[in-house]
1. Once the Cβ-Cβ distance between residue 255 and residue 186 is put in as r, and R0 is 30 Å, what FRET efficiency do you end up with, to the nearest 0.05?
2. I want to check the label-to-label distance for residue 245 and residue 54. Put each point 7 Å from Cα in the C-beta direction and report it in nm to one decimal.
3. Students often check this: by mean Cβ neighbours within 10 Å, which of 105-112, 38-45, 161-168 ranks highest, and how do the rest follow?
4. If each residue's Cβ is checked for other Cβ atoms within 10 Å, how do 54, 253 rank with the fewest at the top?
5. By how many nm would the segment from residue 157 to residue 273 lengthen if fully extended, with 0.36 nm per residue of separation less the alpha-carbon distance?
6. Would you order 205, 35 from fewest to most other beta-carbon atoms within 10 Å of each residue's own beta-carbon?
7. Can you sort 136, 145 from fewest to most other Cβ atoms within 10 Å of each residue's own Cβ?
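Each reported figure results from applying straightforward, stated rules to the coordinates on display, with no laboratory input. The shown structure was predicted, so the numbers you read here are calculated from the model rather than taken from an experiment. For neighbour counting, all protein chains shown are included, and Cβ atoms are generated from backbone atoms with ideal geometry for every residue, glycine included.
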């Protein structure tokens with residue numbers, strides 16, 4: 001037996017490093033994104049691929065296949081409103097199996113009108129449960145600050161419906177750690193026990209981040225920044241948002257058993273290299 005002394009306090013990973021370990025990188029399936037990921041991230045990193053009405057689900061699947069072939073662990077977003085029906089879903093599942101992709105993130109999607117019979121993530125999850133597939137893990141979305149088009153009660157009921165089919169929740173962008181932890185505790189009280197992967201912005205151009213944040217309904221979180229002068233001054237002066245302070249506050253809650261925090265999901269908006277550079281530095285803090 002090879003005995004080794006326990007690491008000293010100074011040698012143990014910090015709470016921040018433990019939270020960020022194994023971070024996921026979300027990318028948009030634009031031209032050249034596979035090359036960006038290959039040039040910035042080590043093989044085996046988990047990369048999630050978004051799905052939008054503008055680019056279509058086939059574009060997302062193509063990108064997911066290319067990234068998987070390049071050696072990454074890939075999690076494609078499956079947008080329910082962009083799946084035309086059961087036959088289409090079966091073809092998607094076959095593609096994922098052939099591409100050695102065993103995890104997916106199921107969302108309702110942003111299409112204003114469903115292309116088929118699936119209206120939301122719950123509908124797609126119900127269909128998945130009735131089909132053979134090779135998916136070993138399925139994630140679903142959570143909204144700490146609500147959704148611009150869906151009420152709070154409906155969001156909670158949707159989580160209850162999705163919980164039996166899911167393995168974890170990924171939260172939408174949120175700049176307010178208190179709002180995040182309050183929301184997690186509220187869903188725990190409501191019987192939602194899925195682990196939570198915290199959605200954090202990567203090192204993103206602040207103009208882009210502000211635009212997207214308002215579009216997805218986290219204006220309240222931006223107003224939180226406005227109430228905290230130090231943070232908003234730093235936000236305004238820099239060209240890119242630095243998530244270190246926010247990640248540090250969230251990391252302080254990492255070991256609270258009722259929260260069940262299970263890592264982070266970095267919204268990169270394809271600014272992969274600079275986000276990876278930030279992550280390497282943050283892991284040393």
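1. Rounded to the nearest 0.05, the efficiency is 0.90.
2. 2.9 nm
3. The peptides rank, most packed first, as 105-112, 161-168, 38-45.
4. So the residues, fewest neighbours to most, are 54, 253.
5. Between residue 157 and residue 273, full extension yields an extra 38.0 nm.
6. Ascending number of Cβ neighbours within 10 Å: 35, 205.
7. Numbers: 136 9, 145 22.
Ascending Cβ contact count within 10 Å gives the list 136, 145.
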